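The structure appears below as structure tokens.
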There are 2 protein chains.
Amino acid sequence: MNTTPRRKFWGWGFEGQGLDEDEAQRLRERVARGFGVDELSGPPPPPIDEVPLRSPRIQPPPSLAHLCTADPYERLLHSYGRSFADAVRIFRRDFPEPPDQVAYPKTEDDVTSLLSWIDGAGAAAIPFGGGSSVCGGVEPAVGDNYRGTVSLDLAALTGVVEVDATSRAASIRAGTRGPVLEAELKSHGLTLRHFPQSFEHSTLGGWIATRSGGHFASLFTHIDDFVESLRVVTPRGTLESRRLPGSGAGPSPDRLFIGSEGILGVITQAWVRLQSVPKFRASAAALFSDFFAGSEAVRALSQAGLYPSNCRLIDAREAAVSGAADGSHALLVLGFESGDHPVEPWMARALELVADAGGEVQLPEGGDGHAGDPHRTGAAGEWRRAFLRAPYAREVLAPTGVIGDTFETAVTWDRFHDLYEGVMARMGEVIREVTGKPGHLSCRFTHVYPDGPAPYFTFQGLGTLAGALEQWREIKEEANQLVVALGGTVTHHHAVGRDHRSGYRRQRPALFADALAAAKHALDPNAILNPGVLIDPIGRPLGVTGAMKGAVSRDPESEPPRVDELGGVRQ
Amino acid sequence: MNTTPRRKFWGWGFEGQGLDEDEAQRLRERVARGFGVDELSGPPPPPIDEVPLRSPRIQPPPSLAHLCTADPYERLLHSYGRSFADAVRIFRRDFPEPPDQVAYPKTEDDVTSLLSWIDGAGAAAIPFGGGSSVCGGVEPAVGDNYRGTVSLDLAALTGVVEVDATSRAASIRAGTRGPVLEAELKSHGLTLRHFPQSFEHSTLGGWIATRSGGHFASLFTHIDDFVESLRVVTPRGTLESRRLPGSGAGPSPDRLFIGSEGILGVITQAWVRLQSVPKFRASAAALFSDFFAGSEAVRALSQAGLYPSNCRLIDAREAAVSGAADGSHALLVLGFESGDHPVEPWMARALELVADAGGEVQLPEGGDGHAGDPHRTGAAGEWRRAFLRAPYAREVLAPTGVIGDTFETAVTWDRFHDLYEGVMARMGEVIREVTGKPGHLSCRFTHVYPDGPAPYFTFQGLGTLAGALEQWREIKEEANQLVVALGGTVTHHHAVGRDHRSGYRRQRPALFADALAAAKHALDPNAILNPGVLIDPIGRPLGVTGAMKGAVSRDPESEPPRVDELGGVRQ
């Protein structure tokens, strides 16, 4: 059942991968200096046999036994995603609700059979792709209304099934991880080019279930746009939407399942739209006196119809931390790419807009601004390396009590200044109040739209391993409420899961939640699918469980949305 | 209650508008020649007092009487949309199911009050925008399970409410017609640029409810992409989605209502994304030896990331009929536009791709290919004029017994050849079998995607006014089945309504229909909203009613989808 190499159950990636001890020590020392303390230390990762695990409460029937395991490593691996709260609980050896069984279906029919068993057994099924959730989306914390939990790991449903090179599309199994997907498409000269930060350890099905955000900073930002059709196994049977380039026949079936986080069915396969491999690239970086000046350049770029593949504005602090700039300026990293034509005219116009907004253009080392891979050279390259290594830092810092996390949103341009200033001011206070000392907070744009940016905030505060989970919950809850109150979405591409539910409850129209719950009830009458995420299902009340259990809760239904005060949005 | 000038209840546009008698006579003569007959004639439009109308079965309560009318003209106007079947029934003086009342809410609260009354009265509510449906989407043909019907005309909910120029978005009332919408936005230097053929006589709310297809031939083809947020009044209350440039928080609420054809609620207002007014344009046309050669150029264009605003491939016959070419070649009309930058580099690369595919480029009259309004000059201009006049032809030809209609689809490129050849061959036969003589059939692409085109078929057959409705039903039913069997969608942008339901039933996953019906039941428990379109509601069985009543029916559930034989699509 294991993949080789084996995934760490306690951190990012595969066993044996990550920061080496020297790198880890340098990271701890750098962060310690940032907080003005001498050193940071914490416990090592838990050995498997040190973690107490309750006995499995359910057993598969003989016909499905070959697909299931209750091996402790597997149960630990499928107990959590990869959020900060997950890391803290892992290093605390705190695994109160592991899955009772982990199932690895080999075929779509296996998924159907497993759901039949789980439904009949009064248990819950938790679809599991790469397990990289950072919002409590894959944990089997379903309370006491189920007789057991089964983590449904789709790892064996992998590979490209069919390529339609004429239409530039492929049918791909949902459990296919990013690198496998791209490697198999490469032989056809095609690429999906959807590169979330989790790319190496997340799957196509997971991207679709969570509305993952990918490579392209503009235009095709989410996986949503690449989905041509879906196959989904529900407790009531299997459905497949039709491959169509476009349609006006009723509400889009695909859009109901995209972002459904496993509550409507298990996505088993999808046709996705592909790109030709980029042959032409241009890149540049520009410095701005401050983040708002840069944001005006980005607004102009996003409204110009140029569609840069990269358009990431990084504030001065974050640029300095990642080594991409000296901390006195905001940095804009700009790139264009095409499999069809040289992109100089696009970049030339973009740089005019940047200069008009006061940007000081930095060409990459090549000097002409129009050669090489824009993602691997110059300031952009520095930033990219830091980006891809970032998930490994969590397993080094979380055990030391450093509370480090991100939250991200999207907001219309008219509200962006207030949101940015509101978040920077209030969240700075909150981190200080909660941890007793100043923390760090920075921002970048991950994606941009004609009507607004997607700001992504990174913060650190100094807590202790013993207290960090509760402190994190206070900070997280404030962030949830704040971004929604200031007119943003509680998540632009990290999904809702458990950890964003308080903000989501405030954000989504109540009647839409009713409609979604009714749709779920039609497909999953016993509410066995991923209980605890997104919405409360009909007919099976859940206890408060999981990552945000015990959060400093404000009942979002009991107070009027603060956004009303900003005008315009009522729900 | 009337708008001034008053809309024709029996044809397109306003009273007094349309083809003049000379134009009409020339059109009849030309079509007669095409069928090899001496002349075509038919009855005049029905005077209002010649149409027998049953007495209204319900009356509004006194509090709502000022919003309602049972005036015969209003009841006639709201009895039908503007399809071929509608025209035939109008000219036959056949109005068996007029609305009992026509309501013109002046505010969103009025919509709420009207729905409360209608729900309590056991009646049905039919949301009505511009009334330009060509698929039986607005007729009050709900059978005998309702005590009456009320057409809810949103004409008084008109106008732009708020413009956010920073984010380039506007909040606009749903009853706003195209020309009013664009006129009000013009003072802000902004434009929606969504121009369906019905533009002058359709509304923003109608576009959203039906997933209307607009101006842009690529990229932002449907109104879907322009919707930033919605307000919807349902029988259970009002909901508003949040203005967001992008989000990953659960399935998109907007996408559930976009294309819902009035069955989930009455769309009353929307924030939509706008464009700056185009300042730079380029246009060209190209001739191809045949449609397939042209389609290869279009495929290359659609996959190049150039995003032409116009990319309409017109087959030889259709180009000749519209006067745009001589009938020996397929014609490609190509345009780029931008409010930000000159588009020469885009056009230059596009013309390379056209030439590579064997296209013979025809520059517009200006000679340089890069000046003027591409929509108003040269072959493109000819075609556009014919396009905008086309709806008026229906009221001239339908009474003569000429069966003239269109059907449209979208299909992946790998299936396009088979679909085109299958449709041209089989529908040619069907028209001959049904009418007893050869008809005319032509095709163009209205929109194109990287993974496939949206072919739009136009046909004519010679019937008689007395027999045309039944003949049309036979032809329409065959077209529904054929495009779906050949892998297409039953509609790319005309919506499902009543007339496409047999194809839709075959196309949409059955479990998705269950989920949609459950979502509707949560919002509209008594199924009062637009009964008869899209899907069967829960709890209120409908008689077979409306345009497709009595169609030569094949039960699509009882035979396996023929598309299986083509491989790949199962439902």
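The values are calculated or read from the model by the stated rules, or taken from the named source; none is laboratory data. Everything numeric here is computed off the predicted structure, so don't read it as measured data. Ideal geometry is used to build each Cβ from the backbone, glycine not excepted, and the neighbour counts take in all protein chains shown. Ligands, DNA and RNA are stripped out before the accessible areas are found, and what is left, the full protein with its side chains, is counted by its heavy atoms. Shrake-Rupley method; radii C 1.70, N 1.55, O 1.52, S 1.80 Å.
Any idea which residue in the stretch B:33-51 is modelled with the highest pLDDT, counting only those that are more than 29 Å from the chain's Cα centre (by Cα) and within 22 Å of residue B:7 (Cα to Cα)? Among those that are more than 29 Å from the chain's Cα centre (by Cα) and within 22 Å of residue B:7 (Cα to Cα), it is B:49.
Listed conditions (1) of a type outside the set (Asp, Glu); (2) more than 7 Å from chain A (Cβ to nearest Cβ); (3) touching a residue at least 60 places away in the same chain (Cβ under 8 Å); (4) in contact with a Pro (Cβ under 9 Å, 6 or more places away or on another chain) are all met by residue B:223, apart from (3).
Can you work out which of the residues in the stretch B:507-539 that are among the charged types (D, E, K, R) and crowded, with 24+ Cβ neighbours inside 10 Å is nearest to the chain's Cα centre (by Cα)? Going through the qualifying residues, I end up with B:508.
In a helix (DSSP H, G or I), touching a residue at least 12 places away in the same chain (Cβ under 8 Å) and away from chain B (no Cβ under 14 Å): does that describe residue A:350? Spelling it out, it is not the case that residue A:350 is in a helix (DSSP H, G or I), touching a residue at least 12 places away in the same chain (Cβ under 8 Å) and away from chain B (no Cβ under 14 Å).
Within the stretch B:82-126, being among the small types (Gly, Ala, Ser) and touching a strand residue (DSSP E or B) at 6+ places or on another chain (Cβ under 9 Å) holds for B:83, B:85, B:103, B:121, B:123, B:124, B:125.
Put simply, of A:137, A:130 the only residue that is open to solvent by 10 Å² or more (accessible area, probe 1.4 Å), assigned to a loop (DSSP other than H, G, I, E, B), touching a helix residue (DSSP H, G or I) at 6+ places or on another chain (Cβ under 7 Å) and away from chain B (no Cβ under 14 Å) is A:130.
In the stretch B:48-74, how many are in contact (Cβ under 8 Å) with a residue 60 or more places away in the chain, charged (D, E, K, R) and in a helix (DSSP H, G or I)? So the answer is 1. Please verify whether residue A:400 is polar (S, T, N, Q), within 14 Å of chain B (Cβ to nearest Cβ) and in contact (Cβ under 8 Å) with a residue 12 or more places away in the chain, treating the condition exactly as stated. In short, no. All of A:128, A:199 fail the test of being under 30 Å from residue B:302 (Cα atoms) and not polar (S, T, N, Q), apart from A:199. Of the residues screened, residue A:72 is not one that is open to solvent by less than 40 Å² (accessible area, probe 1.4 Å), out of contact with any strand residue (DSSP E or B) (no Cβ under 7 Å at 6 or more places or on another chain) and of a type outside the set (A, V, I, L, M, F, W, C). Just so you know, in the stretch B:228-240 the residues that are more than 21 Å from residue A:447 (Cα to Cα), under 25 Å from the mean Cα position of the chain (by Cα) and not aliphatic (A, V, I, L, M) include one that is farthest from the other protein chains (Cβ to nearest Cβ), and it is B:231. Looking only at the stretch B:481-505, residues that are more than 7 Å from chain A (Cβ to nearest Cβ), open to solvent by 10 Å² or more (accessible area, probe 1.4 Å) and in contact with a Pro (Cβ under 9 Å, 6 or more places away or on another chain) come to 2 in all. Applying the criterion of being in a loop (DSSP other than H, G, I, E, B) and out of contact with any strand residue (DSSP E or B) (no Cβ under 6 Å at 6 or more places or on another chain) to the residues of the stretch A:177-191, the residue that is most open to solvent (accessible area, probe 1.4 Å) is A:187. Scan the stretch B:424-434 for residues that are among the β-branched types (Val, Ile, Thr) and either open to solvent by 20 Å² or more (accessible area, probe 1.4 Å) or in contact (Cβ under 8 Å) with a residue 60 or more places away in the chain (or both) and the total you get is 1. Cβ-Cβ contacts under 8 Å between residues 6 or more apart (or on different chains), taken from a first residue in the stretch A:514-525 that is more than 17 Å from residue B:264 (Cα to Cα) and at the interface with another protein chain (Cβ under 7 Å from one of its Cβ atoms) to a second residue that is open to solvent by less than 10 Å² (accessible area, probe 1.4 Å) and outside any loop (DSSP other than H, G, I, E, B), are listed as A:523/A:234; A:523/B:515.
Does residue B:166 count as more than 9 Å from chain A (Cβ to nearest Cβ) and hydroxyl-bearing (Ser, Thr, Tyr)?
Judged against the criteria, residue B:166 is not a match.
Looking at the stretch A:26-34, can you tell me whether even one residue there is buried (at least 17 other Cβ atoms within 10 Å of the Cβ) and assigned to a loop (DSSP other than H, G, I, E, B)? No, there is no match, as no residue in the stretch A:26-34 is buried (at least 17 other Cβ atoms within 10 Å of the Cβ) and assigned to a loop (DSSP other than H, G, I, E, B).
Residue count for the stretch B:155-176 under the criterion of being without any contact (Cβ under 8 Å) to a residue 60 or more places away in the chain, open to solvent by 10 Å² or more (accessible area, probe 1.4 Å) and either closer than 28 Å to residue B:393 by Cα or of a type in the set (Gly, Ala, Ser) (or both): the result is 2. Given the structure, is residue B:211 under 18 Å from the mean Cα position of the chain (by Cα), within 7 Å of chain A (Cβ to nearest Cβ) and among the charged types (D, E, K, R)? The answer is yes for residue B:211.
Residues that are closer than 30 Å to residue B:274 by Cβ and assigned to a loop (DSSP other than H, G, I, E, B) were ranked within the stretch A:292-334; the one that is most open to solvent (accessible area, probe 1.4 Å) is A:307.
The set of residues from the stretch B:3-46 being in contact (Cβ under 8 Å) with a residue 12 or more places away in the chain and of a type in the set (A, V, I, L, M) comprises B:19, B:24, B:27, B:31, B:37, B:40. Residue A:490 passes every criterion in (1) outside any strand (DSSP E or B); (2) of a type outside the set (Gly, Ala, Ser); (3) more than 15 Å from the chain's Cα centre (by Cα) apart from (3). Candidates are the residues of the stretch A:143-154 that are modelled with pLDDT under 95 and not charged (D, E, K, R); the one that is surrounded by the fewest Cβ atoms within 10 Å (Cβ to Cβ) is A:145. Scanning the stretch A:238-273 for residues that are of a type in the set (Val, Ile, Thr) and touching a residue at least 60 places away in the same chain (Cβ under 8 Å) yields A:238, A:263, A:266, A:267, A:268, A:272. One residue is enough: does the stretch A:99-111 have a residue meeting the conditions surrounded by fewer than 24 Cβ atoms within 10 Å (Cβ to Cβ), outside any loop (DSSP other than H, G, I, E, B) and hydroxyl-bearing (Ser, Thr, Tyr)? Looking through the stretch A:99-111, none of the residues is surrounded by fewer than 24 Cβ atoms within 10 Å (Cβ to Cβ), outside any loop (DSSP other than H, G, I, E, B) and hydroxyl-bearing (Ser, Thr, Tyr).
Out of B:289, B:202, B:198, B:212, report the one residue that is farther than 30 Å from residue A:532 by Cβ, touching a residue at least 60 places away in the same chain (Cβ under 8 Å) and open to solvent by 30 Å² or more (accessible area, probe 1.4 Å). Residue meeting the stated conditions: B:289.
Residue B:273 meets the stated requirement of being surrounded by fewer than 24 Cβ atoms within 10 Å (Cβ to Cβ), charged (D, E, K, R) and within 11 Å of chain A (Cβ to nearest Cβ).
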